[in-house]
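Heads up, the thing below is written out as structure tokens.
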Amino acid sequence: MCLIISILFCIICCVTGNENPCDDGNFKLLHTPGLRGGNCIRQTSNVICDHYISDGWYKVLHEDDPKSRKLMETKVAPNFCGTSNPIWLNGTHPVNADGIVNRTVCVVGVRSYCDKQYEIRIKACGVNEYVYYLRKAQSCNEGYCFGKDLPCAKPNPCEPGNSKILHVDGDRSTSCKEKSMSLCDNTFNNEWYRVQKNGIDLKMPNTCVDQYSCGTKYPIYLSGSEPAITDKVVSRKACVNDGNMCTCSRFYNIQLRNCSTYIVYNLTSVQSCPERYCFGTEGNCKKEGEKPSNFLEYILAVVAGIVMLFIIASIVSYILYKKSLRIKSIHSEGKCQTPENEEQLKKQMP
């Protein structure tokens, strides 16, 4: 029995020992890869901390990276790589034939560029592709540095908090055709927007839109196709229909990203008015200065409330007034009758 257990243990050890850390499933993706670049200054609100990672094999890949990042082989100044004390490779990367190699990494500190050291392992997985067996950092102000000369990556506009909700009405739709309307998008600030009407996501039309549509004289529509999810951030032209036969002679450069169930748009402010971005195909115009349909009912309700308060106040005032008159009358009668009563009493006395 002991012999069988020993054999099984040896088999398990051999199998796990032969696992290739380059294969999918044998490594983890290190957190916050976009802020680990050598030119990424530490952010006060989001400091990288590798004190809470577990020892193991890792690959470092940001969603916008064409391939995985390399651990930096050069000294790094404090407060770069998204952390206070960057960790850099004091050595070189292996080639494929080297297999798994041991290397030393240095922690930048107050005294030197190598105040502290950790032992890690590295394996080459192809041309400039590597996996790293990283050790947990001893303190929270330490973080591994990946990506030489890379700046901080831009936030993913699909993630919560990285885009604004642009609440729109039906007057932005292509079905809103009103020549008297001249709304203008001259207040945008090159930010990411998720466009919604009553909680439903809307898209920018990608065909030419007639003039005097979308609540303005010169509507703006998308030139080109919508991006796929795998395309990530793409650049497109947003054409202004200025009456020149939909030739897109005037346009704005915008960005789009497909977030699976909706699209976000990085919109720029228009240069002249009245120009406006179109969103959606259905909806009624809401003219400038037009009040909601129930506005009259609201006014009547307010007036009725004021009248009721006036009536109640009048009744209360009348009651108080009558009560005060009665009290005065009683006092007056008492004062007038007292002498007469006394005289009558005197006459009745013997």
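The values are calculated or read from the model by the stated rules, or taken from the named source; none is laboratory data. This is a predicted model, so every value here is computed, not measured. Backbone-built Cβ (ideal geometry, glycine too); neighbour counts: all protein chains shown.
A compact table of results
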quantity: Those residues of the range 231-270 which are of a type in the set (Ser, Thr, Tyr), closer than 20 Å to ASP201 by Cα and touching a strand residue (DSSP E or B) at 6+ places or on another chain (Cβ under 9 Å), in sequence order; calculated: THR261, TYR262, TYR265, THR268
quantity: Qualifying residue in the range 231-242 (condition: loosely packed, with under 15 Cβ neighbours inside 10 Å, part of a loop (DSSP other than H, G, I, E, B) and among the small types (Gly, Ala, Ser)); calculated: no
quantity: Qualifying residue in the range 212-223 (condition: within 19 Å of GLU275 (Cβ to Cβ), touching a residue at least 60 places away in the same chain (Cβ under 8 Å), part of a loop (DSSP other than H, G, I, E, B) and not hydrophobic (A, V, I, L, M, F, W, C)); calculated: yes
quantity: Only one of VAL131, VAL209 that is β-branched (Val, Ile, Thr), under 33 Å from the mean Cα position of the chain (by Cα) and assigned by TED's automatic domain parsing to the domain that holds LEU89; calculated: VAL131
quantity: Number of positions in the range 161-198 that are assigned to a loop (DSSP other than H, G, I, E, B) and under 20 Å from VAL240 (Cα atoms); calculated: 18
quantity: Single condition ILE120 does not satisfy, out of (1) closer than 25 Å to GLU19 by Cβ; (2) over 30 Å from the mean Cα position of the chain (by Cα); (3) part of a loop (DSSP other than H, G, I, E, B); calculated: (3)
quantity: From the options LEU30, LEU71, residue that is in the same structural domain as CYS106 (by TED's automatic domain parsing), in contact with a His (Cβ under 8 Å, 6 or more places away or on another chain), modelled with pLDDT of 95 or more and not β-branched (Val, Ile, Thr); calculated: LEU71
quantity: Candidates ILE53, ILE41, ILE48, ILE100 - the one that is outside the structural domain of LYS232 (by TED's automatic domain parsing), modelled with pLDDT of 95 or more, within 30 Å of the chain's Cα centre (by Cα) and farther than 30 Å from ASN258 by Cα; calculated: ILE53
quantity: Top-ranked residue of the range 200-224 - restricted to ones that are more than 14 Å from ASN241 (Cβ to Cβ) and in contact with a strand residue (DSSP E or B) (Cβ under 9 Å, 6 or more places away or on another chain), ranked as surrounded by the most Cβ atoms within 10 Å (Cβ to Cβ); calculated: LEU202
quantity: Meets criteria (in contact with a Cys (Cβ under 9 Å, 6 or more places away or on another chain), crowded, with 17+ Cβ neighbours inside 10 Å and not charged (D, E, K, R)) for CYS285; calculated: yes
quantity: Considering residues of the range 16-66 that are of a type in the set (S, T, N, Q) and part of a loop (DSSP other than H, G, I, E, B) only, the residue nearest to PHE80 (Cα to Cα); calculated: ASN39
quantity: Qualifying position, being within 30 Å of HIS167 (Cβ to Cβ), assigned by TED's automatic domain parsing to the domain that holds ASP171, surrounded by fewer than 10 Cβ atoms within 10 Å (Cβ to Cβ) and modelled with pLDDT of 85 or more, among THR261, THR268; calculated: THR261
